[in-house]
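Novice: Mind having a look at this structure? Questions to follow.
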Amino acid sequence: MWWIGAAAVGREILLPSPARVLRALLALVLLPHFASTVIASLTRWLAGFLLALTLSVLSGTVCSRREWAAGMLRPLVVVVRSVPVIAVILLALIWLPVDSVPVFISLLVSFPLLHQGVLDGLRSVDPDLVDMGRLFHVPVSRRVRHIHIPGSLPVVLSALTGAVGMSWKAVIAAEVLSQPVFGIGTDLHVAKLYLETPEVIAWTVVAVLLAAAGDGLVWAVDRRVNAWRTSAQLRSTDPRGSDEGSAAITAQPFRFTGTDMPVSTEAAAPEVRLESVSFGFRTAQLFENLTLEIPAGSVTAVLGRSGCGKTTLLRLIAGDLRPDSGSVTGLAHEHAGLPAVGFVFQEPRLLPWRSVLANVELVLPTEKARISREARRQRIISLLRALRLSRVDAYPSTLSGGMRHRVNLARGFISGAPVICMDEPFANQDIATRRDLVALTRVLESHLGRSVILVTHDPEEAFELADRIIVLADRQPTSVIANYTVTNRSSEEIKRIRAAVDAALNGD
């Protein structure tokens, strides 16, 4: 079509033929200042783009955490995005030195796109994964590296693709008007002045090829990230099936030795005491002057209807929530260098881009001198395999639901925390999976000697595991309306406590 159009017009000044443009392009490449021209334009674009990316990461991070900051910055972002680029270039020619104008334009055009990309990317990170990292007191640097960056990367890369093309075009336009000594825009302007249409199109081709290279680089990174995730998951797929058998955990005796544990187990399980604790949200007062003791080394089950504050109680104990008044004692945020609380969630909350081993390793404290990192990894692998989690390099998407819950359970206990908070970990499980998880919990608790606080709706789970059962009232503010200690687990005692617990749950 280009050949036909050029032949039909018959005037090179209006539409030169492809062959003429190709000759002009080869002549440009052979010019002594061609490399300097290209490098100068790329340097100006890159300087503004990197500055915009840095500012976007800072602003996007702040705005994702503070809604008021996002509201304050939004009008500025809208204005910058809406103002015509040509108007900004003309103003910049008045304010700035000639060589700085393209840099400023690159910054101004890139920033709105990158800021929104970083903001949307961080907002798209699964809040349950962020919550998991915070509850395990994973250091901020590790949370950013292993949760926030991988979780936001797909959205950020999409924004990068758009920002690369838009800012590059704006830089060329700024050079056309500002006329720096070296620049693709300067040579475009000179070619236009002399009506050298082949050279104008040739420089345009150079600009397009450079833009395509930048876009291709971002695209390659995006493909590499996706390919890595896909290939890693495919490599971890077990052709024999997604589970490791249905036999109960107790069928394979599990024995701990001093060298089995990846972290120190010297910290004794503490007694946790809530003293006159009051806490509420805007819409409801959940606790008022609540006093409660969690005996050291016990398994305490907390029962109650939905909305009575069971999960809130766990978060107060973990230090994730602070009481309005009163105190929670016996538990520091770090105990002997270990996290204060290990959590077992209702849903697994595993990082999909990390293997079973890496998911467990994420919540462990960093040891400086006792054992090497590789030795500790071998201990974790040995321990996971003893728990019948032999596929330590598998990714969550390749595991069955039961295995993901088993990893969730193992992660909480292996963290080394002296207190384990379990938030309905057996809910919505089939009978076989539930039996497997209950058996594993019993094994882990008995061998590691942790204080366990189990929140559940099911009294049967409480009777299977707990040596103390607490029932919260179905009212606000709530209170402890039943507190029973299971001593010998005789059928008569279980029958008596079950009847009392049922009566308390039913409001009798």
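The values are calculated or read from the model by the stated rules, or taken from the named source; none is laboratory data. Source: prediction; values computed, not measured. Positions of Cβ are generated from backbone atoms using ideal geometry, with glycine treated the same way; all protein chains shown enter the neighbour counts.
Novice: Using the structure shown, decide if LEU26 is under 28 Å from the mean Cα position of the chain (by Cα) and either without any contact (Cβ under 8 Å) to a residue 40 or more places away in the chain or within 24 Å of ARG123 (Cα to Cα) (or both).
Specialist: Working: under 28 Å from the mean Cα position of the chain (by Cα): no; either without any contact (Cβ under 8 Å) to a residue 40 or more places away in the chain or within 24 Å of ARG123 (Cα to Cα) (or both): yes.
Answer is no for this residue.
Novice: A further question on this structure: Can we say THR311 is hydroxyl-bearing (Ser, Thr, Tyr), outside any strand (DSSP E or B) and modelled with pLDDT of 85 or more?
Specialist: Details: hydroxyl-bearing (Ser, Thr, Tyr): yes; outside any strand (DSSP E or B): yes; modelled with pLDDT of 85 or more: yes.
Criteria met by THR311.
Novice: Among LEU51, LEU26, which is the only one that is out of contact with any strand residue (DSSP E or B) (no Cβ under 9 Å at 6 or more places or on another chain), surrounded by fewer than 12 Cβ atoms within 10 Å (Cβ to Cβ) and either aromatic (Phe, Trp, Tyr) or modelled with pLDDT of 85 or more (or both)?
Specialist: LEU26
Novice: Kindly check whether there is at least one residue in segment 41-60 that is in a loop (DSSP other than H, G, I, E, B) and either in contact with a Gly (Cβ under 7 Å, 6 or more places away or on another chain) or not small (Gly, Ala, Ser) (or both).
Specialist: Filtering segment 41-60 down to residues in a loop (DSSP other than H, G, I, E, B) leaves none.
No, there is no match, as no residue in segment 41-60 is in a loop (DSSP other than H, G, I, E, B) and either in contact with a Gly (Cβ under 7 Å, 6 or more places away or on another chain) or not small (Gly, Ala, Ser) (or both).
Novice: Would you tally the residues in segment 381-421 being among the aromatic types (Phe, Trp, Tyr) and farther than 22 Å from SER446 by Cα? Can you show your working first?
Specialist: Within segment 381-421, the subset among the aromatic types (Phe, Trp, Tyr) is 395, 413.
Adding the requirement that they be farther than 22 Å from SER446 by Cα leaves 395.
Of the residues in that region, 1 qualify.
Yes/no per residue for (1) at pLDDT 85 or above; (2) touching a Pro at 6+ places or on another chain (Cβ under 7 Å); (3) not in a helix (DSSP H, G or I):
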| position | (1), (2), (3) |
| --- | --- |
| HIS189 | yes, no, no |
| ASP215 | no, no, no |
| ALA220 | no, no, no |
| ARG223 | no, no, no |
| GLY245 | no, no, yes |
| THR250 | no, no, no |
| GLY258 | no, no, yes |
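Novice: A further question on this structure: Select, from VAL80, VAL98, the only residue that is within 24 Å of ASP215 (Cα to Cα), surrounded by fewer than 18 Cβ atoms within 10 Å (Cβ to Cβ), at pLDDT below 90 and in the same structural domain as PHE182 (by TED's automatic domain parsing).
Specialist: Exactly one of VAL80, VAL98 is within 24 Å of ASP215 (Cα to Cα), surrounded by fewer than 18 Cβ atoms within 10 Å (Cβ to Cβ), at pLDDT below 90 and in the same structural domain as PHE182 (by TED's automatic domain parsing), namely VAL80.
Novice: Next question, about the same structure. Would you mind stating whether TRP68 is without any contact (Cβ under 8 Å) to a residue 12 or more places away in the chain and under 30 Å from SER124 (Cβ atoms)? Reasoning before the result, please.
Specialist: Working: without any contact (Cβ under 8 Å) to a residue 12 or more places away in the chain: yes; under 30 Å from SER124 (Cβ atoms): yes.
So TRP68 fits the description; yes.
Novice: Identify all residues within segment 388-412 that are in contact with a Lys or Arg (Cβ under 7 Å, 6 or more places away or on another chain) and modelled with pLDDT under 85; write none if there are none.
Specialist: LEU389
Novice: Select, from SER490, SER479, the only residue that is modelled with pLDDT of 80 or more, farther than 17 Å from ARG406 by Cβ and in the same structural domain as ARG404 (by TED's automatic domain parsing).
Specialist: Of SER490, SER479, the one residue that is modelled with pLDDT of 80 or more, farther than 17 Å from ARG406 by Cβ and in the same structural domain as ARG404 (by TED's automatic domain parsing) is SER479.
Novice: Now a separate question. Which ones in segment 415-435 are crowded, with 24+ Cβ neighbours inside 10 Å and in contact with a helix residue (DSSP H, G or I) (Cβ under 6 Å, 6 or more places away or on another chain)?
Specialist: Of everything in segment 415-435, those that are crowded, with 24+ Cβ neighbours inside 10 Å and in contact with a helix residue (DSSP H, G or I) (Cβ under 6 Å, 6 or more places away or on another chain) turn out to be ILE420, CYS421, PHE426.
Novice: Residue check: is LEU91 in the same structural domain as LEU55 (by TED's automatic domain parsing), without any contact (Cβ under 8 Å) to a residue 60 or more places away in the chain and farther than 22 Å from GLN179 by Cβ? Steps first, answer last, please.
Specialist: Working: in the same structural domain as LEU55 (by TED's automatic domain parsing): yes; without any contact (Cβ under 8 Å) to a residue 60 or more places away in the chain: yes; farther than 22 Å from GLN179 by Cβ: no.
So LEU91 fails the test.
Novice: Shifting gears a bit: Can you tell me which residue in segment 168-195 is surrounded by the fewest Cβ atoms within 10 Å (Cβ to Cβ), limited to those that are over 21 Å from SER106 (Cβ atoms) and touching a residue at least 12 places away in the same chain (Cβ under 8 Å)? Full working, then the answer.
Specialist: In the first step, residues of segment 168-195 are kept if they are over 21 Å from SER106 (Cβ atoms); the result is 190-195.
Cutting the leftovers down to touching a residue at least 12 places away in the same chain (Cβ under 8 Å) gives us 191, 195.
On the way: ALA191: 20, LEU195: 10.
In this case the residue turns out to be LEU195.
Novice: Can you say whether THR433 is within 18 Å of ASP467 (Cα to Cα), out of contact with any Asp or Glu (no Cβ under 7 Å at 6 or more places or on another chain) and of a type in the set (S, T, N, Q), as far as the supplied structure shows? Can you show your working first?
Specialist: Values: within 18 Å of ASP467 (Cα to Cα): no; out of contact with any Asp or Glu (no Cβ under 7 Å at 6 or more places or on another chain): yes; of a type in the set (S, T, N, Q): yes.
No: the conditions fail for THR433.
Novice: While we're on this one: Quick one: count up the residues across segment 118-148 that are at pLDDT 90 or above, among the hydrophobic types (A, V, I, L, M, F, W, C) and closer than 27 Å to LEU409 by Cα.
Specialist: Number satisfying all stated conditions: 6.
Novice: Name every residue in segment 1-23 that is of a type in the set (A, V, I, L, M), crowded, with 16+ Cβ neighbours inside 10 Å and part of a helix (DSSP H, G or I), in order of residue number. I'd like the intermediate steps shown before the answer.
Specialist: Filtering segment 1-23 for residues of a type in the set (A, V, I, L, M) gives 1, 4, 6-9, 13-15, 19, 21-22.
Within this subset, residues satisfying the condition of being crowded, with 16+ Cβ neighbours inside 10 Å are 6, 15, 21.
Answer for segment 1-23, where residues must be of a type in the set (A, V, I, L, M), crowded, with 16+ Cβ neighbours inside 10 Å and part of a helix (DSSP H, G or I): ALA6, VAL21.
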